[in-house]
Amino acid sequence: MKNYIQLVSKYLRKQKKRTALTAVGIMLSVSIITSIGILSDGANLQQIENVKKSFGSYHVLFENLDPEEAEVVKNHVRAGKTSIITISDIHGIPGSGRKMAICSIDDYTSSLLDIKLIEGCWPERENEIVLDITVLKDLGIEDELDKKIYLDLGKRKFEFKLVGLYEKSTLFSQMDSSYGIVIPETLKSIGSSDKFMSNVYMETVRDFPIMDSVNKIISDSFGEYKPPRFIKKVAGVSFMDKYISLNLFLLNVLGEGYDNVSNEYKIIQAILVLIVFIATVSGIYNAFNISVLERVRQFGLLRAVGTTPGQIRRIVLGEALLMSMTAIPAGILFGIGISKGFTSFMSELYSISGIFTLSLETLLLSALVSLGAVFFSAYAPSRLASRISPMEAIQDKGTVLAKSKKRKKRKFSFIEKLMGISEIMAYRNLRRNRKRFTITIVSMCIGIVMFMAFSYYIRVYEKLMFDDYIESDYSISVHRWSSDGSIGYPEEILDEIYGIEGVSNIYGLIKTNQSFLLPEDKMTDELKKRSRTAINNPGIYGTNLYLYSLDSHLMECVAGNVKEDLFQKENYKNGFPVMVYEPADEKKWKVGDEITIEKVKTISSAYGSSGNHTMSESTILTTNEMVKLKVAAVLNDAPFTSYKNRPLFFTGMETFKEIYPDAKYNSIYIDVTENADKEYIEPKLTRIAQSVENGQMISHEKKLQELNEMKNQIMLIMYALAACISTIAILNIINTISAHLIIRTREFGIVRAVGMTGKQLKKMVWSEGVLQAMISSLWGCSIGTAVIFAFYWLLKNDGHPIPWELPWKTIFVIFFINIAIGLLATISPLKRISKLNITESVRCESF
Amino acid sequence: MNILELKNLSKTYGKGETAVQALKGIDLQVSQREFVAIVGPSGSGKSTLLHLAGGLDNPTDGKVILDGEDIFLLNEAALAVLRRRKIGFIFQFYNLIPVLSAEENILLPILLDNKKTDREYIDELTEFLGLKDRLNHLPNALSGGQQQRVAIARALANKPSIIFADEPTGNLDTEMGREVLDLLRLSIKRYHQTLVVITHDLNIAKTADRLITLRDGSIESNEVVRK
């Protein structure tokens, strides 16, 4: 041996079992960190992909630009992948009520907007056209490619060659016009370019923050309008006839947005990660602490022959390093295995794919975090080892590290009087080394808290995702919303539905997205970020919020005591009465407040609440008339939706019809009698639903089934993740308890020497496991309850859908599982202890 | 009458080339109320002999008859019961249970037996061993001598027929050692017990009734010191 540090490898080699136990402890903890990293990476990527699919992959959209302006924007140095869509005038399709325009796209359009070609190819030559598959019928064209077609575009007919058909992407479906897609040259040939407008969809360059690039492009391209730092405060801005909006949905998932709504969830996720980190550190700390406690005598002897405390510390930390060199890679591999196995299990079972992704960054980060955790955890045990006095070890009294206060007197306590000697010893053993006991309890508690937090998180997630807010048997609805309620089902349809045999009740609803002009005092910071402001009036914010117009039955649902009476016509003079719901604790609204909405005259297609305004709506914004609303009631809760983080407005159907006399129902909920013949009713309702374009009938029973299937998939992912973490936590607990028993081998030998039978020994060890489980369950459940109460409190401000209640079921399950684990953990060490003969046990070094 | 009989008792540790024969066919009889001292150099098999005689370890060959019973024919539970009722052990390093008070350590064999404590006897025993005012102390609050006295009291608590002591004074200073041994001697006299002591101390050995010398796993001499 050349150097004392070689003691490290010699010890590790000699004590293979102990080394393996500690290394397994480290490996398990590392695998938690790694699998969390990989799984959340995967989930994040999946989310980004989903958002890109639904909202496109562009970062910013410039609308209504002149083709020349569009080129300037496209050629900006900060512009990355950019697509210009230039659109001709919109024309009605004769005899169908639908509208159509011709637009030119470029190479990047399909990737930035996620338009899918179903048949054929994209246009490459002049006069080639690709059409939306749904518009063929309206145009009277047969579904045949490479045929000549004639389109009536305003003044004259144009001839095209149909080369492909596309499926409306989610993004395109927000626009109520249908588009014929051509190359730019074709577009030029069908009209004069000064009537065209261009929309520019852009991804900014990667090397700079997205917001920074967007602002730079705006100020460089539209400097004369001087948009003052607007983009930092609001989601979009309109100036002159132009409109610039961010793809906030994407920016938020990319972490470049400012979606404060998800902050609470981020906090919860951060807390979960922190809990896992603490579990890891405590797991590794446990393993090292035990390995030091087992070798008190060895360290004492080393001290006796002149090893300095610093050298002892280095020996222990050296062991940590050496073990990390194998345990961390093994843990990472194990973590990858867990995540991979889990992902492929999920995809096999539910054909959910694409969640598993490996990035070098995540693996390196996991390795670094783990290495940090190992050293952080090994430091305290190394200090402990360096403090061992040579005398204590040489004397070998067996109570060498009993640093607990010397309690001189000990009498049977009340509890102990109820127990037998095996239980008393178990109880005392637990309490004799407070530190060791605390560590075990803490690591068990962490497992419990993790389980409780996860269960709660799952419950909240479930509630948020799958809140079915109107309970009825069927609904018919139009999936395009208009701000003036002009798209939907007319009043007569109600009678028609009533006429169907078996229908018992009908409720009507008009959900519209109104452009509210709100003064600054009604704006929360959150709301400001979703709003636009006009350059010439920065004190007024234009924001899209929902206005629900309800029939009298639904009106009663909103607030038991608020009736249509509140909405008497005489009020209209001073403003149309509405009820406002505002998220808890904001207190910005009171009865009597006046607000303005922009009344629209044409069909619009505002969809969502921010960022994604289509060309047609921006046209509407310039042709408006103001309508004054007056707050008649402030609501504490809002039905019909789970998204309660923004103000929502409710009004009676009559009021809404005062504003928009032609308003139609866009959702009708239908109840049927118990004996109703569903096979008779469903086709009838479907026909009625489809009498309006984009209308559909939903059977809530079937929808519930579909939702349940989806819910089960997502729940399975969540539970599997929870199970993954719990398994590792359980293994850690088992490791800890068994190690604690193993280091007391000698003590067990002594009690056997003085006549304890195998049965009594088992009873004692089992009692220890059960007691430990019960105490940790008690602590864990108390802390866990506090943690989920904190979650509840955080979420309360976000329109939290679950009322507070004690998680009795979870607590019961935890006690049960924990006791089972406590007993399970004693099996292997008990076997080992019973196998050793008494003489060997008594000779054992540790005590 | 013999309380203990060892017949052709052998013990081999390890196997094959590394096998070490610790005891080589020992035959020995110990009478009731006898005080036997076993001496011998390190590695001569003293402790092995004591452990086998007390049923703590299994022999490779041979028998141990204790109070007329072949102890290795008993199952594990019966052997444990025999240990707590008929045998008292005293170890060099006291081996007290750190979580139990002195009194609880003493009562341990009785408590394990679910028997009612003979309070009078225990009081007398602790008084006799000078532990009366130390009963509620935990082991780590006692001196070495006191801990060894607690270990002696534990060995005597169940009024065993025979006491095995493995260098009971080895960890104590001379005076304390003498004191402990006097107590042991007095105790067996008072409670009519048999005592088998392993010791390195020839002065102690000379006070025994019989002195057995072991060497290389065999009995070298077996002499009656006094009658």
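Numbers for the structure displayed
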{"item": "Those residues of the range B:186-227 which are surrounded by fewer than 17 Cβ atoms within 10 Å (Cβ to Cβ) and aliphatic (A, V, I, L, M), in sequence order", "result": "B:186, B:202, B:224, B:225"}
{"item": "Enumeration of residues in the range A:504-526 that are more than 22 Å from residue A:549 (Cβ to Cβ) and at pLDDT 85 or above", "result": "A:504"}
{"item": "Some residue of the range A:751-767 being within 13 Å of chain B (Cβ to nearest Cβ), without any contact (Cβ under 8 Å) to a residue 60 or more places away in the chain and in a helix (DSSP H, G or I)", "result": "yes"}
{"item": "Residues of the range B:85-136 classified as open to solvent by less than 20 Å² (accessible area, probe 1.4 Å), assigned to a helix (DSSP H, G or I) and more than 8 Å from chain A (Cβ to nearest Cβ), total", "result": "9"}
{"item": "Where residue B:151 falls short, out of the listed (1) over 17 Å from the mean Cα position of the chain (by Cα); (2) at pLDDT 85 or above", "result": "(1)"}
{"item": "One residue from A:802, A:838, A:788, A:814 being closer than 30 Å to residue A:636 by Cβ, buried (at least 20 other Cβ atoms within 10 Å of the Cβ) and either at pLDDT below 75 or among the hydrophobic types (A, V, I, L, M, F, W, C) (or both)", "result": "A:788"}
{"item": "Selected residue (criterion: surrounded by the most Cβ atoms within 10 Å (Cβ to Cβ)) from residues of the range B:38-84 that are of a type in the set (Val, Ile, Thr) and in a strand (DSSP E or B)", "result": "B:38"}
{"item": "Any hit, the range A:301-324, residues being assigned to a helix (DSSP H, G or I), within 24 Å of the chain's Cα centre (by Cα) and either aliphatic (A, V, I, L, M) or modelled with pLDDT under 75 (or both)", "result": "no"}
{"item": "Conditions (1) within 9 Å of chain A (Cβ to nearest Cβ); (2) open to solvent by less than 20 Å² (accessible area, probe 1.4 Å): number failed by residue B:162", "result": "(1)"}
{"item": "Qualifying positions in the range B:137-148 - more than 8 Å from every other protein chain (Cβ to nearest Cβ) and either over 19 Å from the mean Cα position of the chain (by Cα) or assigned to a loop (DSSP other than H, G, I, E, B) (or both)", "result": "B:142, B:143"}
{"item": "The listed residue being closer than 17 Å to residue B:97 by Cα, part of a helix (DSSP H, G or I) and at pLDDT below 70, out of A:416, A:423", "result": "A:416"}
{"item": "Flag if residue B:133 is modelled with pLDDT under 85 and over 23 Å from residue B:48 (Cβ atoms)", "result": "no"}
{"item": "Residue count for the range A:311-323, restricted to those that are buried (at least 24 other Cβ atoms within 10 Å of the Cβ) and farther than 18 Å from residue A:299 by Cα", "result": "1"}
{"item": "The range A:202-239 - residue that is modelled with pLDDT of 60 or more and in a loop (DSSP other than H, G, I, E, B) and, of those, least open to solvent (accessible area, probe 1.4 Å)", "result": "A:222"}
{"item": "From the options A:730, A:714, residue that is touching a Gly at 6+ places or on another chain (Cβ under 8 Å) and at pLDDT below 85", "result": "A:730"}
{"item": "Test: residue in the range B:184-201 that is modelled with pLDDT under 90, over 23 Å from residue B:33 (Cβ atoms) and out of contact with any helix residue (DSSP H, G or I) (no Cβ under 7 Å at 6 or more places or on another chain)", "result": "yes"}
{"item": "Residue check, residue A:394 modelled with pLDDT under 60, touching a Gly at 6+ places or on another chain (Cβ under 8 Å) and away from every other protein chain (no Cβ under 11 Å)", "result": "yes"}
{"item": "Enumeration of residues in the range B:53-84 that are at positive phi and within 12 Å of chain A (Cβ to nearest Cβ)", "result": "B:55"}
{"item": "Evaluation of residue A:94 against (1) without any contact (Cβ under 8 Å) to a residue 60 or more places away in the chain; (2) within 20 Å of residue A:206 (Cα to Cα) (one fails), failing number", "result": "(2)"}
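The values are calculated or read from the model by the stated rules, or taken from the named source; none is laboratory data. On a predicted model such as this, the values are computed, not experimentally measured, just so you know. No Cβ is skipped: glycine too gets one built from the backbone with ideal geometry, and neighbour counts run over all protein chains shown. Heavy atoms of the whole protein, side chains included, go into the accessibility calculation; ligands, DNA and RNA do not. Shrake-Rupley method; radii C 1.70, N 1.55, O 1.52, S 1.80 Å.
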